[in-house]
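Here is the structure we will look at, set down as structure tokens.
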Amino acid sequence: MRNLHLLLLLLFPFLLLVEVSVAQNDDSSDEDDREEVVRIVRFTGNDAVSNRALSTLVRTRNNREFLGIPRFTPWYYIHQLVGVGESPALLDRETVGSDIERIRLYYENLGFFEASVDTTIIEYRPGRYEVSFIIEEGNASRLRSVSYTGFPDFEDEELVEDFLSESLYAGRSENDTTFRVDERYRAQKLRQEQTRIIDFLKNNGFAAVQRDSVRALVKRDEDNPYTMDVLYAIRPGNFYTFGDVYIQLAGPDGNGEFEESMLVDNPRYSEQGFAIYMDKQEAANTKFDLLTEQLQFRAGDSFDQSAYLRSVNAYQNLGMLLINRFGLSEDGSLPDYSKEHIPVFFDLQTVPKHSIRTEFFGMRRYGFGTGVGLNYNNNNLLGRAENLTVALNTNLEFVTSNTLNEISPRDEDGNRVTSGSDIFQSYEFRVEYALPRLNRPLRFLSDVPWIETARTRYSLSYSQSNQLFFDINSDVRFNLRYELRHSQRFQSLIDVIELDVVDTDPSTQFRQNLINEFGENSLELLRIEEDFRPQFSSVIRYTLRAQNTNLIKRNYGYFSEYSIALAGNVPFLMDRYIITPGDIEGTLPSPLGISSNALAYSRFFKLSADYRRYFSLTPDAVFALRFFGGYAHPIGQSDNIPLNRRFFAGGSNDIRGWSPFRLGPGSIPPDEVTIPGGEVKLAAFKEIRQTFMKNVLNADWYLAWHTDAGNVWYGPGNTFIDEQDTDLLADGRFRIQEFYKQIAVGSGIGIRLDWEFIVARFDFTYRIHDLEEGWLENRQMYFSFGIGHSF
């Protein structure tokens, strides 16, 4: 950090010199050629509205200020010096005039109908301007009551009553259609309520309702003109039903005649006298019933705009077709409201059925490596939007002798034992089959209202790899997952069954090193070997995701994920009732001869919570926070968590400054860890990102300051006592009175290159709290690279 502070101290006077140099250049330039640069934008008189809100409203702006520090605009200074950075923010008097009107209208929408806005433009130095917006707000108007009139009569008499109970102004009721609100006038909220009324009518048969069909009439109090009553006057128009439905499905090239046709008029999809007419090309390779199943309404039902739009989304979510056009008229124009039945038209086209993708990638774990992947995709396998993916990935990783010397175990004399550089290799074969609907055993949830769309996903994979300490002879995984989307923000993932058979084989050198360090029959050796025994695990898991952010940009809103899992019950039931009825052996024979070794298993439950929040500091700066907590605990006769199910810390996407899996548990030094990973994890992350260049190499460039803190610990169920009754895991065990002393902290700066669909990340981190060396004692800087924001 001392180097970083020195860099900032050197940079600040340098930027001041640039500022002076720029000013001198401005003074020496011809008056006619001098650029008019906006350096200061001020707002005065704005008591009810913050400066920040007004600054995002106007178009007259100065150059970007670093972290919101007034007039500290290093990217502008750099541009003036070398031509790279941010060009000057020039004064445009026409834009200033438009900004005056924007501010006035904004105040009017907030109920300040008498607000006035003026401006002064001052050239305080040659070519440097200060723009001030002078605001006189006046008195704010308030709403006293909100009423409704003109709702049509529905067969369900409670329909309007239920709708009004959810009004944005619901509260104290004066009568069935009037609420006493007593709040500040806000035009945006009135418009939101107007939109809510329009949507309600359109979803209940009144398709022709427009903005002018629902008017908010405002009446001022005679004694106090700043007090208002609002009446929503509703003219719903005529009642409509869906007419016939017409669906055309073309093949991938979109040309040619429609060779196949079908008419559907059964009660499941249409009322009597109405029908669904479908035409498709043979090249589409799609069954007709897939098209009808996506409709969320029946032909002849009362018009429901929400059901119509859900049908459009259902077609989009299939993933195997494009929607060229959809509408309520044949030519895409406005519907014919002179007729009581409104037909529906869908013009669809399938995408190519087969695709092959190859990919090359780089990787870094212990060393540097490269890999290649081959993926075949069939996105409409059986004609009902089934998706089949077959993938093969392989990689090689070269690890130098120096790296191996740092992380290899020690011999009986305490020396690292390595055999020079090495190459590790692995490959994975994966098959995935997905359907855009629910299959058994959750098919009964297909029509529940709290699921918008659903997907069933089956996956099977087989992999092998050789690594530093052990080889994975085989890893076979099977998973059945249901993906349920409840709304735009909420999604549930249900892993009904996840099976994993892992056959590991510790290297001879690794085992010999352990014998040299701990002894032939030591408890430490037995416990470490337990981690590397072949394992059979099963997991049932529920995950809830909630998000309101762009997952690439991550510059607003939030992302959260909460998970609960129960593991080990399948092998336990097999052991208890099938393999050895009445007895519990704790091991199982390998299924299908996958391994010649017996398979151990563990029963446990696991909880995790991950919450991320993104705050906009300025239009070009973001403050990001992340909190993570996880806990796992063995149950039944199990006393540990399998190695591949534990929590780990460190890495470019976790606590930066430490290599992956090399932090913790607790304060145990990495070279003394006998049981890697932990059952408890706590972590907190902070990052401030500031744009400093735009559209350089077609990317926006961000400077980021990050701080990561956290660790993993052994849980209370993880016991390891030697012959002297000493707890060998004491320094790594989670204790309320001690854990805060074992929080590792890393902080540093980084660069982000943000293209439209990908973010490249380069971070330089110092260990603020190194658990081995203490606070601010480690002067080494650690580099990490990643794709996408770290959180």
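The values are calculated or read from the model by the stated rules, or taken from the named source; none is laboratory data. Remember, predicted model here, so these are calculated numbers, not experimental data. Backbone-built Cβ (ideal geometry, glycine too); neighbour counts: all protein chains shown. When the accessible area is computed, the model is the full protein with side chains, heavy atoms only, and any ligands, DNA or RNA have been set aside. Shrake-Rupley method; radii C 1.70, N 1.55, O 1.52, S 1.80 Å.
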_Meets criteria (open to solvent by less than 80 Å² (accessible area, probe 1.4 Å) and over 25 Å from residue 104 (Cα atoms)) for residue 143_ = no
*If you take the residues in the stretch 723-744 that are open to solvent by 30 Å² or more (accessible area, probe 1.4 Å) and modelled with pLDDT under 80, which one is nearest to residue 614 (Cα to Cα)?*
730
*Taking the condition under 33 Å from the mean Cα position of the chain (by Cα) and not in a loop (DSSP other than H, G, I, E, B), does residue 626 pass?*
yes
*Only one of 615, 604 that is out of contact with any Lys or Arg (no Cβ under 9 Å at 6 or more places or on another chain) and not charged (D, E, K, R)*: 615
_For the stretch 417-436, give me each residue that is at pLDDT below 65 and either in a helix (DSSP H, G or I) or open to solvent by 60 Å² or more (accessible area, probe 1.4 Å) (or both)._
419, 421
*Please work out which residue is farthest from the chain's Cα centre (by Cα), limiting yourself to the stretch 158-172 and to residues that are surrounded by 17 or more Cβ atoms within 10 Å (Cβ to Cβ) and free of Cβ contacts under 8 Å to residues at least 24 places away in the same chain.*
160
_Filter result for the condition that a residue is over 26 Å from residue 683 (Cβ atoms) and of a type in the set (Asp, Glu), over 561, 585_ = 585
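Answer with yes or no whether residue 787 is modelled with pLDDT under 90, open to solvent by 40 Å² or more (accessible area, probe 1.4 Å) and over 30 Å from residue 550 (Cα atoms).
Considered against the rule, which asks whether it is modelled with pLDDT under 90, open to solvent by 40 Å² or more (accessible area, probe 1.4 Å) and over 30 Å from residue 550 (Cα atoms), residue 787 comes out as no.
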*Have a look at 134, 103 and point out the one that is aliphatic (A, V, I, L, M), open to solvent by 40 Å² or more (accessible area, probe 1.4 Å) and modelled with pLDDT of 95 or more.*
134
*List the number of the failed condition for residue 175; all other conditions in (1) in contact with a helix residue (DSSP H, G or I) (Cβ under 7 Å, 6 or more places away or on another chain); (2) loosely packed, with under 13 Cβ neighbours inside 10 Å hold.*
(1)
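Here is a yes/no grid of residues against (1) modelled with pLDDT of 75 or more; (2) in contact with a strand residue (DSSP E or B) (Cβ under 6 Å, 6 or more places away or on another chain); (3) surrounded by 13 or more Cβ atoms within 10 Å (Cβ to Cβ); (4) more than 26 Å from residue 186 (Cβ to Cβ):
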| position | (1), (2), (3), (4) |
| --- | --- |
| 27 | no, no, no, yes |
| 39 | yes, yes, yes, yes |
| 49 | yes, no, yes, no |
| 57 | yes, no, yes, no |
| 63 | yes, no, yes, yes |
| 75 | no, yes, yes, yes |
| 80 | no, no, yes, yes |
*Can you run down the residue pairs with Cβ atoms below 6 Å, 6 or more apart or on separate chains, where the first is in the stretch 541-552 and farther than 21 Å from residue 482 by Cα and the partner is open to solvent by 50 Å² or more (accessible area, probe 1.4 Å) and of a type in the set (Lys, Arg)?*
548/489
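Which strands (runs of 3 or more DSSP E) does the stretch 181-266 wholly contain that include 2 or more residues that are more than 22 Å from residue 142 (Cα to Cα) and at pLDDT 95 or above?
Details: elements: 214-220, 227-234, 241-250, 260-264.
Passing ranges, in order: 241-250, 260-264.
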*Hand me the list of strands (runs of 3 or more DSSP E) wholly inside the stretch 305-396 holding 3 or more residues that are buried (at least 18 other Cβ atoms within 10 Å of the Cβ) and either touching a residue at least 12 places away in the same chain (Cβ under 8 Å) or of a type in the set (Gly, Ala, Ser) (or both).*
341-350
*Matching residues in the stretch 668-686 - criterion: being surrounded by 17 or more Cβ atoms within 10 Å (Cβ to Cβ), at pLDDT 90 or above and touching a Leu at 6+ places or on another chain (Cβ under 8 Å)*: 685
*Across the stretch 267-291, what is the number of residues that are assigned to a loop (DSSP other than H, G, I, E, B) and under 20 Å from residue 343 (Cα atoms)?*
8
*asked:* Looking at the stretch 316-344 only, could you name the residues that are over 35 Å from the mean Cα position of the chain (by Cα) and on the phi > 0 side of the Ramachandran plot?
replied: 332
